[in-house]
């Protein structure tokens, strides 16, 4: 069985035991997180939500919080001698899927 959940403005396909990286969620490591925006359930019987499947949730264990690798943002304007270099590290949350409740 698998599900497609929406979190952080993105949709992610998950199965039991998967480790997923999503936009930062509040919570402490080793705590439990419930994702209730289930868009699709697949397996023996498929269910498509309108927009979400009623009563379906995905239970995950919050494994860790962190920052992604640094990217360099370089802004440049031609002929104006304007240059700006900036770095950014996007925060993320690592989740391990424990169960899919339909």
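The values are calculated or read from the model by the stated rules, or taken from the named source; none is laboratory data. These figures come from a predicted structure and were not determined experimentally. Glycine also receives a Cβ, built like all others from the backbone with ideal geometry; neighbour counts cover every protein chain displayed.
Of all the residues that make up region 77-94, how many are surrounded by 10 or more Cβ atoms within 10 Å (Cβ to Cβ) and assigned to a strand (DSSP E or B)?
5
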Quick check, is residue 27 out of contact with any strand residue (DSSP E or B) (no Cβ under 6 Å at 6 or more places or on another chain) and outside any strand (DSSP E or B)?
no
Only one of these conditions is not met by residue 65: (1) at pLDDT 95 or above; (2) on the phi > 0 side of the Ramachandran plot; (3) surrounded by 12 or more Cβ atoms within 10 Å (Cβ to Cβ). Which number is it?
(2)
Which residue, of 46, 50, 59, is under 19 Å from the mean Cα position of the chain (by Cα) and within 22 Å of residue 3 (Cα to Cα)?
59
Taking region 31-50 and keeping residues in a loop (DSSP other than H, G, I, E, B) and in contact with a strand residue (DSSP E or B) (Cβ under 7 Å, 6 or more places away or on another chain) leaves 31, 36, 37, 43, 49
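With out of contact with any strand residue (DSSP E or B) (no Cβ under 8 Å at 6 or more places or on another chain) and more than 15 Å from residue 93 (Cα to Cα) as the only criterion, which of 13, 54 stands out? Outline the logic, then answer.
On the way: 13 fails: out of contact with any strand residue (DSSP E or B) (no Cβ under 8 Å at 6 or more places or on another chain).
Of the residues listed, the single one that is out of contact with any strand residue (DSSP E or B) (no Cβ under 8 Å at 6 or more places or on another chain) and more than 15 Å from residue 93 (Cα to Cα) is 54.
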Taking the options 47, 5, 16, name whichever one is surrounded by 18 or more Cβ atoms within 10 Å (Cβ to Cβ) and touching a residue at least 12 places away in the same chain (Cβ under 8 Å).
5
With respect to residue 4, is the statement that it is part of a strand (DSSP E or B) and closer than 15 Å to residue 62 by Cα true?
no
